[in-house]
1. Got a sec? Which helices (runs of 4 or more DSSP H) wholly within the stretch 1-87 have at least 1 residues that are at pLDDT below 95?
2. Can you find, within the stretch 65-98, the residue that is most open to solvent (accessible area, probe 1.4 Å) among those that are on the phi < 0 side of the Ramachandran plot and basic (K, R)?
3. Among N260, N212, which is the only one that is over 16 Å from the mean Cα position of the chain (by Cα) and surrounded by 13 or more Cβ atoms within 10 Å (Cβ to Cβ)?
4. So which of E127, E167 is exposed (fewer than 13 other Cβ atoms within 10 Å of the Cβ) and in contact with a helix residue (DSSP H, G or I) (Cβ under 7 Å, 6 or more places away or on another chain)?
5. Could you look through the stretch 28-62, keep only residues that are in contact (Cβ under 8 Å) with a residue 60 or more places away in the chain and small (G, A, S), and pick out the one that is surrounded by the fewest Cβ atoms within 10 Å (Cβ to Cβ)?
6. Is it the case, given these coordinates, that I176 is surrounded by 14 or more Cβ atoms within 10 Å (Cβ to Cβ) and outside the structural domain of G234 (by the TED database)?
7. In the stretch 139-164, which residue that is more than 25 Å from V27 (Cα to Cα), open to solvent by 20 Å² or more (accessible area, probe 1.4 Å) and under 18 Å from the mean Cα position of the chain (by Cα) is modelled with the lowest pLDDT?
8. Across the stretch 12-27, which residue is nearest to I171 (Cα to Cα) among those that are open to solvent by 10 Å² or more (accessible area, probe 1.4 Å) and not charged (D, E, K, R)?
Amino acid sequence: MTLYFDHLVHQVESPENIKVFFNKRNVHTVNGGQHTMWGTYNTLSYFGLSYIEQIAIYDRDLFEQAALYPYSLHYTFKRDRERQGFSRIALRTKNIEDDGQRLRALGYEVYGPDACSRTRPDGTIIEWKLLHFGRPGLSVDFPFLIEWADGDEERLAQLKASGAIDEKQAITMESIQFFVKDVEETVQLWQKVLQLPEFEQHEQFMSLQLANMRLDFYEEASASSMTLGHLKEGPIGVTLKDPHRTKETLVCPGAFYWINK
């Protein structure tokens, strides 16, 4: 089970306004498109193949139907009373069918893989498969899995050609920060289920390392000091590295973007 970080989901009121906000602060953000099966639409901030998705609802009826699907992004958003902020992360795989079989064998409820698509602003269609899994009673949802129809090199070339990736921008994603009430329990569970290397213990947090991203888990005291006390279990922040600027924090409801933290 070889997994790569794919994207971080940011639930927002208006992707259009977020796009303006980030572009004014030199974080390249573009229109994504519509998920016509879910009633949602997005803007996207790419850092290579890793990206942050700013997403909102455009069709209430379609969204309500999508929110019935257990362990899905829409299910989480509805359960959280449509709270704005960071919501879930997606991990990229090349063997989503095998991953699903393994997770079922571990006793988890698995939904998918399901074929999905999005219409880009230019009318072209992008396709992928999604897999959601979990079990009742978990306070923090597992990442969901994604397998893109196109390979990494082809996707990277397409994103550069379309302008979604700004080749002049030197910003990279370094880590995702989570608040969880029981760090050790959550880290050990994710490490086992996602087959990740041994966790690392730091002074204020524990971390898990994906091939292309670090996941940092904080308990309440440390997380509160970072976020002014506005906490809900799950992702709370992302650390970005930009060699062309000094330390800066971009603050959105329920989401902190730490640049050169």
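1. Passing ranges, in order: 73-79.
2. Going residue by residue through the stretch 65-98, those that are on the phi < 0 side of the Ramachandran plot are 65-70, 72-80, 83-84, 86-98.
In the following step, the residues that additionally are basic (K, R) were identified as 78-79, 83, 88, 92, 94.
Details: K78: 83, R79: 101, R83: 76, R88: 7, R92: 22, K94: 148 Å².
Looking at residues that are on the phi < 0 side of the Ramachandran plot and basic (K, R), I get K94.
3. None of the others qualify; the one that does is N260.
4. E167
5. G48
6. Details: surrounded by 14 or more Cβ atoms within 10 Å (Cβ to Cβ): yes; outside the structural domain of G234 (by the TED database): no.
For I176, the condition - surrounded by 14 or more Cβ atoms within 10 Å (Cβ to Cβ) and outside the structural domain of G234 (by the TED database) - is not met.
7. Across the stretch 139-164, the extreme among qualifying residues is S139.
8. Taking the candidates together, the pick is N26.
The values are calculated or read from the model by the stated rules, or taken from the named source; none is laboratory data. Just so it is clear, the structure is predicted and the values come from calculations on it, not from any experiment. So basically every Cβ, Gly included, is an ideal-geometry build from the backbone, and we count neighbours across all protein chains shown. Heads up: the accessible areas ignore ligands, DNA and RNA and are worked out on the full protein's heavy atoms, side chains in. Shrake-Rupley method; radii C 1.70, N 1.55, O 1.52, S 1.80 Å.
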